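Step one of this worksheet: look at the structure below.
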Amino acid sequence: MKKIPVIIDCDPGHDDAIALLWALASPSLEVKAVTTVAGNQSIEKVTDNAIKVLTKARVYDIPVGQGYSRPLIGELNDGGLIHGETGLDGPRLPEKAFEKVELNSVELMIKTIEEAQEKITLVALGPLSNLARLFIIRPDLKEKIEQISLMGGGTYGNWIPAAEYNIWVDPEAAKVVFDSGIPIIMAGLDVTQKAYVTDEENEKLKAQGNEVSIFVSELIEFYRQYHYQVEGFPGCTLHDPCAIAALVHPEIFTAEQCHVDIELNGKLTRGMTVIDRIGYLEKIFNEKKERQVKVLFGVDREKFVEYLLEAMARLP
Ligand code: RIB
Ligand code: CA
């Protein structure tokens, strides 16, 4: 099977951790590098967490590059409210088995893309600050990028009513990425909030008995609290794993090719992904807009959970 070479940019974060583990367990992906971005917690904490998750999976040979401490503009508004003080509250975390590399996140992306023999897929699971910096500093490398699979956005929000957290943290970065000309698969809230794990399914995961399955079930036990108490969902929403599942099991999703733009100035809407599902800009205003984004809207939830459990069972 031909493997898809990926760089995973993340802000672990409970769902980032599960997405990273799913990528490591997937025979169809080759994780070339992991880069971190400030979001769910400070850049230092999410970087430590990324290394601890790799350590948990007993993967010691994937380079981890630390990102910047803040978005392109302004200060970081971290997601500690949901992910806790460590960014991965809940389960006991292993000590780091290795340290981050000297190169920072963007330098590691550049090195990895330059050295690759084939086009790289970027998987973005947090604010898009690193991808934006990469495209600003080295626009020439865009031609060596196959596509971007990202978790972010939606036709509604989850941090402010109009905007999803990853886009809201760094809207200018999102604008650079959505205007980059690179094909995007967007796992926004319309699909991720349908990709939840019930308590019963989480018990099945824990009963698999291997270390990583138990670890992931404990991550879900912590992360589900927010989705029950604040959002009133019937299970724990797995946002970031959708961006991985879209690459390894695309057949379980429904999608529409849309033009997507980012609102930067609205008092109530800054950070909103403006998704033109019908093509109004072209039909009404004769403005030719590229439908650059494959927006995921639906998922076979049972299959999603089945594949998640299968993947976790393949790890230590
Ligand atoms: O809105 C959900 C996104 O914000 C996920 O990536 C989660 O990890 C947080 O970063
Ligand atoms: Ca994330």
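The values are calculated or read from the model by the stated rules, or taken from the named source; none is laboratory data. Keep in mind it's a predicted model, so treat the numbers as computed, not measured. No Cβ is skipped: glycine too gets one built from the backbone with ideal geometry, and neighbour counts run over all protein chains shown.
Counting only residues that are part of a strand (DSSP E or B) and polar (S, T, N, Q), which one in segment 24-77 is farthest from ligand 1 (Cβ to nearest atom)? Among those that are part of a strand (DSSP E or B) and polar (S, T, N, Q), it is Gln66.
Out of the residues in segment 97-131 that are out of contact with any strand residue (DSSP E or B) (no Cβ under 6 Å at 6 or more places or on another chain) and within 16 Å of ligand 1 (Cβ to nearest atom), state the one that is farthest from Asp179 (Cα to Cα). Here the answer is Pro127. Out of Arg92, Arg70, Arg58, one residue alone is out of contact with any His (no Cβ under 9 Å at 6 or more places or on another chain), of a type outside the set (Asp, Glu), on the phi > 0 side of the Ramachandran plot and at pLDDT 95 or above. It is Arg58.
Here Val177, Val169 are screened, and the one residue that is without any contact (Cβ under 8 Å) to a residue 60 or more places away in the chain, within 16 Å of ligand 2 (Cβ to nearest atom) and out of contact with any Asp or Glu (no Cβ under 7 Å at 6 or more places or on another chain) is Val177. One residue stands out among those in segment 273-316 that are of a type in the set (Asp, Glu) and not in a helix (DSSP H, G or I): the one that is farthest from Val176 (Cα to Cα), which is Asp300.
Here's the yes/no breakdown for (1) within 27 Å of Ile160 (Cβ to Cβ); (2) in contact (Cβ under 8 Å) with a residue 12 or more places away in the chain; (3) part of a helix (DSSP H, G or I):
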site: Lys204; (1), (2), (3): no, yes, yes
site: Val216; (1), (2), (3): no, yes, yes
site: His227; (1), (2), (3): yes, yes, yes
site: Ala246; (1), (2), (3): yes, yes, yes
site: Cys258; (1), (2), (3): yes, yes, no
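Being within 21 Å of Val169 (Cα to Cα) and surrounded by fewer than 24 Cβ atoms within 10 Å (Cβ to Cβ) is the requirement here; does Gly13 meet it? So Gly13 does not fit the description; no. Of the numbered criteria (1) more than 29 Å from Lys267 (Cβ to Cβ); (2) within 16 Å of ligand 2 (Cβ to nearest atom), the one Trp159 fails is (1). Restricting attention to segment 78-104, the residues that are within 16 Å of ligand 2 (Cβ to nearest atom) and either of a type in the set (S, T, N, Q) or in a loop (DSSP other than H, G, I, E, B) (or both) add up to 8. Residues of segment 12-23 that are touching a Lys or Arg at 6+ places or on another chain (Cβ under 9 Å) and either in a strand (DSSP E or B) or within 10 Å of ligand 1 (Cβ to nearest atom) (or both): Pro12, Ala17.
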